[in-house]
There are 2 protein chains.
Amino acid sequence: MRLLVLGAVRQHGRAHGYQVRNDLEFWGAHEWSTAKPGSIYHALKQLAKEGLLLAHEVAPSTAGGPPRVEYELTEAGEESFFALLRTALRAHDERIDVLTSAVGFIVDLPRAEAISLLKERVAALESWAEEVRTHWTPDSPPAEWGHIGEIMRLWTHQAESDAGWTRGLIERLENGAYVMAGEGEREVTVLPEGTGNPFS
Amino acid sequence: MRLLVLGAVRQHGRAHGYQVRNDLEFWGAHEWSTAKPGSIYHALKQLAKEGLLLAHEVAPSTAGGPPRVEYELTEAGEESFFALLRTALRAHDERIDVLTSAVGFIVDLPRAEAISLLKERVAALESWAEEVRTHWTPDSPPAEWGHIGEIMRLWTHQAESDAGWTRGLIERLENGAYVMAGEGEREVTVLPEGTGNPFS
DNA sequence: TCGGGATTAGTCAAGCTTGACTAATAGCCC
DNA sequence: GGGCTATTAGTCAAGCTTGACTAATCCCGA
């Protein structure tokens, strides 16, 4: 949530709640994350309270509706955004929605850093899978464990699959895919006009 | 949470909060789900309020500590447990912790039903992956989409991996693995004595 | 011109999660 | 036998999420 909201405000430079809300809806975020109006407005207020966002008092609406509050990232907000982004890409135990958000903002990092974070991710996933495997399969025959071993299988399977995807992304980045931070022309971050939203 | 708490109470027939809490801790649930004391006690109260659990008033503690409340599943609680369990196994979009809990309770279902639910799961995963793939890759060359396509890749990758794990489990169940509901002798549902908890 | 629907913008209560705290008794050590 | 700690059992405030609701203005058709 914080990552999403900070990222959305950041792309606009200055944004009010409804703008953020629309961006996130456009990204399909209400489908794969907890980005619903209540959460968004709550996050904005909370982030402002914590000094990560600066709230510019109620500007009169330019196009109907009640007055609105505009927000802008502070220095601390900028730092927090990148800290969240880095953690989300590096850690193996973040929720899938957090990872998804992070991938959405990955082009805000320099290429070398993104690659290095993703390599940390692969390492973390592998060592975690290995840890689960050794802890859950001691000397005893797995049969004794009963169906609980299936949970172990599920997790290691997931971790390996995730590592596979990550390796693929690393390779594409190493081959120069996408325009990353500091590489000139910024690409559009929204979908082309007229394209349907598949998450509905 | 509801699934976990109902399942834990159900295994004891009648249990108080601390027992549930200890079971879940033993299963490592505090690591892979939101099963922390606050949530557990909250869930117990909420479930009791909704008539899924019956609260037997404060019995004096047998071994130190404040008095405690004992809970027992009602008819509705029993139904709700199985409804949650079936949904968790069948649906492709449940969180990983919910799926994990469901796998932990899968032996409470008859073998044939479990297999059939898991087959529904595979079908749901495949059709969802296909949907994402077709919606996100129209005629236009993928390059135009920029890095957002990576999110699509992440999801389809995950769905395929999940389907793979599910197919494996189906196969093991079809080959007679584990003791399911209505198959005589119930196996132990907890870890053997002295085995360390790997989630720490 | 006026009334009703769409759009814009946000609030609110109820439920859930988190992490830190409280409280009661039992057992042990000196 | 008095105090210290471990265990047992649970509470609480603050934050987060959900789904339904409110409120102001614009626009279009009769």
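Being touching a strand residue (DSSP E or B) at 6+ places or on another chain (Cβ under 6 Å), farther than 27 Å from B:D93 by Cβ and within 9 Å of DNA strand C (Cβ to nearest atom) narrows it down to one of A:V58, A:V9, so name that one.
On inspection, the qualifying residue turns out to be A:V58.
Let me confirm something: among B:E57, B:E25, B:E50, B:E31, which residue is under 18 Å from B:A102 (Cβ atoms), open to solvent by 50 Å² or more (accessible area, probe 1.4 Å) and among the acidic types (D, E)?
When all the criteria are applied, what remains is B:E31.
Would a scan of segment B:2-19 turn up a residue that is hydroxyl-bearing (S, T, Y) and surrounded by 22 or more Cβ atoms within 10 Å (Cβ to Cβ)?
no
For segment A:73-109, give me each residue that is away from chain B (no Cβ under 14 Å), assigned to a helix (DSSP H, G or I) and not basic (K, R).
A:E75, A:A76, A:G77, A:E78, A:E79, A:S80, A:F81, A:F82, A:A83, A:L84, A:T87
Hey, any hits in segment A:110-124 for a residue that's modelled with pLDDT under 85 and outside any helix (DSSP H, G or I)?
no
Restricting segment A:159-185 to residues that are at the interface with chain B (Cβ under 8 Å from one of its Cβ atoms) and surrounded by 18 or more Cβ atoms within 10 Å (Cβ to Cβ), which is modelled with the lowest pLDDT?
The extreme case among them is A:Y178.
Any idea how many residues of segment A:71-95 are open to solvent by less than 30 Å² (accessible area, probe 1.4 Å) and of a type in the set (S, T, Y)?
Total meeting the criteria: 2.
Do any residues in segment B:25-37 that are within 12 Å of DNA strand D (Cβ to nearest atom) have Cβ atoms under 7 Å from those of residues that are not in a loop (DSSP other than H, G, I, E, B), where the two are at least six apart or on different chains, and which pairs are they?
These pairs meet every condition: B:K36/B:H30; B:P37/B:R21.
Just one of A:R95, A:R86, A:R90 is closer than 30 Å to A:A124 by Cβ, at pLDDT below 95 and out of contact with any Phe, Trp or Tyr (no Cβ under 9 Å at 6 or more places or on another chain); which is it?
Only one candidate qualifies: A:R95.
Could you please tell me which pairs satisfy a Cβ distance under 6 Å, a separation of 6+ or placement on different chains, a first residue in segment A:61-73 that is modelled with pLDDT under 70, and a second residue that is of a type in the set (K, R) and within 15 Å of DNA strand D (Cβ to nearest atom)?
Short answer, once both residue conditions are applied: A:S61/A:R68.
Identify, by number, the condition in (1) more than 8 Å from chain A (Cβ to nearest Cβ); (2) modelled with pLDDT under 95; (3) surrounded by fewer than 19 Cβ atoms within 10 Å (Cβ to Cβ) that B:A129 doesn't meet.
Evaluating B:A129 over (1) more than 8 Å from chain A (Cβ to nearest Cβ); (2) modelled with pLDDT under 95; (3) surrounded by fewer than 19 Cβ atoms within 10 Å (Cβ to Cβ) leaves (3) as the failure.
Tell me whether segment B:81-101 contains one or more residues that are more than 26 Å from A:W136 (Cα to Cα), over 16 Å from the mean Cα position of the chain (by Cα) and more than 16 Å from DNA strand D (Cβ to nearest atom).
No.
The values are calculated or read from the model by the stated rules, or taken from the named source; none is laboratory data. Everything numeric here is computed off the predicted structure, so don't read it as measured data. Cβ atoms come from the backbone with ideal geometry, glycine included; neighbour counts cover every protein chain shown. Accessible surface areas use protein heavy atoms only, side chains included; no ligands, DNA or RNA. Shrake-Rupley method; radii C 1.70, N 1.55, O 1.52, S 1.80 Å.
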